[in-house]
Structure formats: structure tokens, C-alpha cells
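What follows is a set of notes on a single structure, which appears directly below.
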Amino acid sequence: MNVGMNKYFSMVGRIEYRPDAGPEDTLVFRHYNPAETVHGRTMEEWLKFSVCYFNMFRYFGSDSHYGERTQQRPWDDGYSWSLKYADKGPMPNYERYGEPRAPHPLAGHPHPPPMPMQPMGPCGTPNNWDRRSWEDGSRNMENYKRRMCAAFEFFNKLGVKYYSASDRDFAPEGETLEETNRMLDEATMMACDLQRDTGIRPLYFSADLFSHPRYMNGAASNPDAHVFAFACAQVKKAMDIAKRLNAENFVFFHPRDGYQSCLQRQMYRDMSHIGHLYRMAVQYKDKIGYRGQLMVQPKPFDPRRYQYECDAMATMHMLRHFGMERHFKLYIKPAWSRLMNRPYYHDVYMASSYNMLGMVDASDSYPEVSGTSDICARDIRDATYIMKCVLEQ
């Protein structure tokens, strides 16, 4: 094994297929044999397992999956470390209506102090929280580089061929778009080197259009033209990275493109703006020669009260209405069907029926929780129905 691939998980070897493993052998595959042939294709071909970079390496266990707090008050320094050291908006040096804004006293600090570590407990383990050896709690590029090295070591030991990531997984957001893109270029170059060493590449890449507070009222459907323009620029850069990394797919995921009240939004105008974004993405894909498949992931709600791309049928109808259906497939997360009190497999079969099923997320949600749970599939019958649909496509 490459010495550089045994730094952060040195206590764990490569995960192998061992059908005879006993109950004490936990880090093995008991049923998944990548080389075993099923219906004319190997398991590895049927099951393109992809590790989610965000869930595994950028999400730190908070209750919300969808970014920073959006209520930023002048008298409140904030409970969030990241808020304290990140003063960024769609136009970083200006308020909403163009008046110059006084910089935050800590904005632009070249080396913000790391997040305070909690006292260590017995055996060198932290008290009350899961400390990761590569994380120092900061949002500087060195921390992102260490995180990327740890991620690829994890991918390599797990034996997968794919990972899934977004632009904000690779690099933090800078004070300007130009600074952000420079950091992304540096991170992308590093990812290319690691991909060459490991043979692992993205199953999909995407633009994170929901974490930053500028997207609190949506990205593609945001009523502020500045935010829409920033989202378009972010998608453009993310598609450049997807091509460079040879990502198989490019995913659009818009958990904030919806409404809280029908009195606040003009729904058709909002959805037509989403259609414009998709049309420009198709045009840019052709311009740069990116060969990956464009995909949309529907989601019913959370954090918005209601999202425009709420399920497979709504998303397919919108794509067809704007003449985009032949350019896109759907990335279905069956857990969202569970949130809508439908069978786990509902959207998978609906998308497949219209030849629009492109990819399936393997996660589930607790039925009693009206929000994201991101747990493994709980019901073997539901999981079998999903696999049956995939096999029959």
C-alpha cells in the first residue's frame, strides 16, 4: 500500500470480501463480492458505490445539513465559529442595495485562530465529541488539503472506485469569487493527483447552492438577480471542475429553491428561472465538451416549507415544460419518498417508467422524523424492490 495512503487510518487495512467472517470481524464485506457476476454483470458494475464527501468528511454532526445560520444581526457575534470568521455575501463589500459595508473586524484574517479543542479524556480521546486527527476546526486551505488526503485514504481502503463531492467540499469560500476560484483550482489539482494515484474518480460533482447564507431564499429561484448571477458563476466553475476530474455525472440539488408562503413568491417566474439555469448549463456543457450526464435530485421540503422540484413527477414535468427532458436524468433519493408518506421505492419506479432514472441514493429516513436522517436502508424488502427496478432497466 502507498505509504501516503496509510496516515490517518493506519489502524485499518484494506476492507476485503470474506464470506466466512465471524461476528468479531466487523470491517469486512460478507455479501458484496465485486468480482461476482449477477445477470451478466459483476457486482462492481451493478453497484457503483460512491462515498459522499460531504456526509463523511465535511458534515460535523449538527442538526442542520443545509449550511450556515441566516439571521446575522449587528449586535450578535454569533454562536458559530464559522460565522465569526466568514463575512461573505453575494457581493462581499456591499450591502443589499449597494452601500459600502464596514468590514467585519475579523474578516479577511489570514490565519483565523483554530476552534478551541475540548479537554482530552482517558486514553487520549476527546471528551464529548469525535475529534478527527486531520481536522483543526478551521476553514483554511491547509485543513481542506488534509481532509482531502484523509478522504482518499478512506476511499482507497474501502475499495470503492467512486466518490461524490461538491465545490465547497474541496475548498472554502474566499472573500471574492476570484479568490474562491483560485482555491478551487489548487484543490482540483490536488484531487487530480490523488485520483491518478488511486484510480478513484467522482461518480458525480456538483455546485453547493445552499450552504452559504446568500442562498437562504434560493439559488436559481432567488428573487435577487445578484444571487442568481452568483449561482450561475458557481455552476460554471463546478462544471469546469467536473470535466477536469472526469466525473460521470453533474448533479443539481436545490433544497432552498421553494417557498414559505404563496404570497411571497411568483411561482412560475421562479420555476422559469430554474429552467433558464438548466438551459445555460446544457449550453455550457456542449461548449466545453463535458461528456457527463446532467442530473437533478428532487426533494419535497426541508429546509423550505415546499420545494418546486418536490418529487420525480414534478421535476420531470418541469424539465419537459422547458424542453430540457432529453438532457437530464433524475438522481432519486428514496428517503424523500418516505418523507412524503409514499412507499420507499415510489420515485425510483416513477423515474424509471419514463426512462429518466439516472442514479439512486442508498439512504433512508426514519418515518417518524420529518427531515433528513441519512441512515442505511432499514427494510430489506424495500431495498430489494429498488434493486429489482435497477436490474430491469
Scan of segment 26-82 for residues that are modelled with pLDDT under 85, basic (Lys, Arg) and in a loop (DSSP other than H, G, I, E, B), ordered by number: 69, 73
Filtered residue count, segment 162-202, keeping only those that are part of a loop (DSSP other than H, G, I, E, B) and either in contact with a Pro (Cβ under 6 Å, 6 or more places away or on another chain) or not small (Gly, Ala, Ser) (or both): 5
Residue that is basic (Lys, Arg) and surrounded by 16 or more Cβ atoms within 10 Å (Cβ to Cβ), where the choices are 305, 279, 265, 269: 265
Residues of segment 232-251 satisfying the condition of being closer than 16 Å to residue 53 by Cα and either open to solvent by 10 Å² or more (accessible area, probe 1.4 Å) or not small (Gly, Ala, Ser) (or both): 241, 245, 248, 249, 250, 251
Where residue 299 falls short, out of the listed (1) over 23 Å from the mean Cα position of the chain (by Cα); (2) open to solvent by less than 10 Å² (accessible area, probe 1.4 Å): (1)
Residues satisfying the stated conditions in segment 184-235, i.e. of a type in the set (Val, Ile, Thr) and either in contact with a strand residue (DSSP E or B) (Cβ under 9 Å, 6 or more places away or on another chain) or closer than 15 Å to residue 165 by Cα (or both): 188, 200, 235
Unmet criterion (only one of (1) open to solvent by 20 Å² or more (accessible area, probe 1.4 Å); (2) over 23 Å from the mean Cα position of the chain (by Cα); (3) over 25 Å from residue 262 (Cβ atoms); (4) not small (Gly, Ala, Ser)) for residue 338: (2)
Condition broken by residue 214, with the remaining ones in (1) closer than 30 Å to residue 45 by Cβ; (2) touching a helix residue (DSSP H, G or I) at 6+ places or on another chain (Cβ under 9 Å); (3) modelled with pLDDT under 95 satisfied: (1)
In segment 285-338, the residues that are of a type in the set (Ser, Thr, Tyr) and in contact (Cβ under 8 Å) with a residue 60 or more places away in the chain: 308, 331
Check on residue 382, more than 30 Å from residue 262 (Cβ to Cβ) and not polar (S, T, N, Q): yes
Scope segment 222-234; condition in contact with a Ser or Thr (Cβ under 9 Å, 6 or more places away or on another chain) and either closer than 13 Å to residue 281 by Cα or part of a loop (DSSP other than H, G, I, E, B) (or both); matching residues: 234
Failed item, numbered, when residue 164 is tested on (1) among the polar types (S, T, N, Q); (2) modelled with pLDDT under 95; (3) open to solvent by less than 30 Å² (accessible area, probe 1.4 Å): (2)
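The values are calculated or read from the model by the stated rules, or taken from the named source; none is laboratory data. Here the structure is a predicted model, which means the values were calculated and not measured. Cβ sites come from the backbone with ideal geometry, for glycine too, and all protein chains shown count toward neighbours. Heads up: the accessible areas ignore ligands, DNA and RNA and are worked out on the full protein's heavy atoms, side chains in. Shrake-Rupley method; radii C 1.70, N 1.55, O 1.52, S 1.80 Å.
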